[in-house]
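None of the figures in this text is laboratory data; all of them are computed from the coordinates on show. The structure displayed is predicted, hence computed values, not measured ones. A quick note on method: Cβ atoms are made from the backbone with ideal geometry, for glycine too, and the neighbour counts reach across all protein chains shown.
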């Protein structure tokens, strides 16, 4: 038998290689001009500036003076493209994933609302099926489910259906966790049974969060001791000192706001669509928590990529109604109902409206959420060994191309 030696370069040339050039790479702490990003099969093998590292047989992706970015990671998203994850069908899950992939999200966490136990189980089953059978042409990969509704405080229900709110019972929530697909778990801290919920979610390895809550500082501290480390959409459907005073009287007590800002281990998230929060609040959140503890999320509903009109939030069968004006959702003339924008819009607005450095903004949309859910060794940044989830963005941060694990995703015409 004749054995032929194969050097490292020849070996690399025999594999499927992809190379991004002629652009500026966005790393978690800086940008790199004239960057070279090399991928082999579904993994990144090199990030730098040496053109000598380009395999001879590599397919070249010319960024044409734009940005080479890691794919975005969305840990709080309800739907898109006319579908809501709570519709409970595999096609609804896939339609939402396709819609968000076109906006640069390469990994997302389908998020429940205040549906019935039957509706939540249907959502978990459909999501798990879509996750198991995922291919790149289906759009965003599913990192896991965000069990969000139904354990909310009724006075902070927001656009969710109030009749679906309830206190957590072990019999109910343990049945959901048995699916093994839940990676983020939310409960209002003041509810009876919240501590047991948090402890169980922590044992499952979830990012444990508090949301749609009117909890006080002391209730947040108790939740923290039970494993809670994150608060959903800062300033939205959360307690304030005045709301705590109304609930608990005097002396005035601290709220979720003060607790998150006062505890360096707590993380949170903002909806940077330009409608939920003014630029000064977005910048303030970044200044207080930094890019390592602040996530960008879309909290997007089914109206993404759809014309203005009336839609269901949550299950198509009986979810609450909201109206999209093309910029945001409205539960009523003076009450917002989540966003109708993708993560690319959040990144553009966060950068352009606040002046926060682009590397930090993209970190908040990629590596930081990946870290919070424990997936940062696989996704979230342009780094050797990580999945080749890569975006090519225009100089104005518009999505030009999307690659999921090294496979090009076909963008819809817009």
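Table for the structure above
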read-out: Estimated inter-spin distance, residue 154 and residue 394, nm [label 7 Å along Cα→Cβ]; value: 4.9
read-out: Orientation-averaged projected area, Cα convex hull of the range 185-330 (nm²); value: 10.1
read-out: For the chain, share of DSSP beta bridges that run antiparallel, in % to the nearest 5; value: 55
read-out: P(r) weight above 27 Å for the range 96-244, C-alpha pairs, percent; value: 22
read-out: Rg to Rh quotient for the range 287-349, alpha carbon positions, Kirkwood Rh; value: 1.06
read-out: Rg in Å to one decimal, and Dmax rounded to a whole Å, for the range 175-266 via C-alpha atoms; value: 13.1, 44
read-out: Contour minus Cα-Cα distance for residue 248 and residue 290 (0.36 nm per residue); value: 12.0 nm
read-out: Computed over the range 362-414, the ratio Rg/Rh where both radii use C-alpha atoms and Rh is Kirkwood; value: 1.01
read-out: C-alpha long axis of helix 90-101 to longest principal axis of the chain, angle in °; value: 70
read-out: Label-to-label distance, nm, for residues given as residue 332 and residue 50 (7 Å Cα→Cβ offset); value: 6.3
read-out: Extension gain, residue 377 back to residue 64 (0.36 nm per residue minus Cα-Cα distance, nm); value: 109.8 nm
read-out: Anisotropy class of the range 244-372 from Cα gyration tensor, a/c 1.5 cut; value: oblate
read-out: The chain: relative contact order as a whole-number percent, Cα under 8 Å and 6+ apart; value: 20
read-out: Enclosed volume per residue, in Å³, of the convex hull spanned by Cα atoms of the chain; value: 146
read-out: Residues residue 57 and residue 323, FRET efficiency given R0 of 35 Å [Cβ-Cβ distance, rounded to 0.05]; value: 0.10
read-out: With Cα atoms, 0 to 90° folded angle of helix 117-132 axis to the chain main axis; value: 10
read-out: Descending Cα extents along the principal axes, the range 55-109, whole Å; value: 47, 20, 16
read-out: Relative contact order (%) - the range 192-305, alpha-carbon pairs under 8 angstrom, separation at least six; value: 22
read-out: Theoretical FRET efficiency, 1/(1+(r/R0)^6), r = Cβ-Cβ of residue 34 and residue 171, R0 56 Å, to 0.05; value: 0.45
read-out: Neighbour-count ranking [beta-carbon atoms within 10 angstrom, fewest first] of 259, 198, 176; value: 176, 259, 198
read-out: Fewest-first sequence of 184, 47 by Cβ atoms within 10 Å of each Cβ; value: 47, 184
read-out: Value of D in µm² per second that Stokes-Einstein yields for the range 261-302, Kirkwood Rh from Cα pairs, at 37 °C (0.692 mPa s); value: 302
read-out: Estimated Rh, the range 234-317: Kirkwood, alpha-carbon pairs, angstrom; value: 15.1
read-out: Cα-based equivalent ellipsoid, the range 314-387: semi-axes from gyration tensor eigenvalues, Å; value: 31, 18, 9
read-out: Relative exposure of 172, 219, judged by other C-beta atoms within 10 Å (fewest first); value: 172, 219
read-out: Pairwise centroid distance, computed over Cα atoms, of the range 36-66 with the range 228-245, Å; value: 44
read-out: Folded to 0 to 90 degrees: helix 343-354 orientation relative to the chain principal axis, Cα; value: 80
read-out: Structure-based [θ]222 nm, the chain - -39500 (n - 2.57) summed over DSSP H runs of at least 4, per residue, nearest 500; value: -7500 deg cm²/dmol
read-out: Radius of gyration and Dmax over the Cα atoms of the range 19-60, both given in Å; value: 10.0, 31
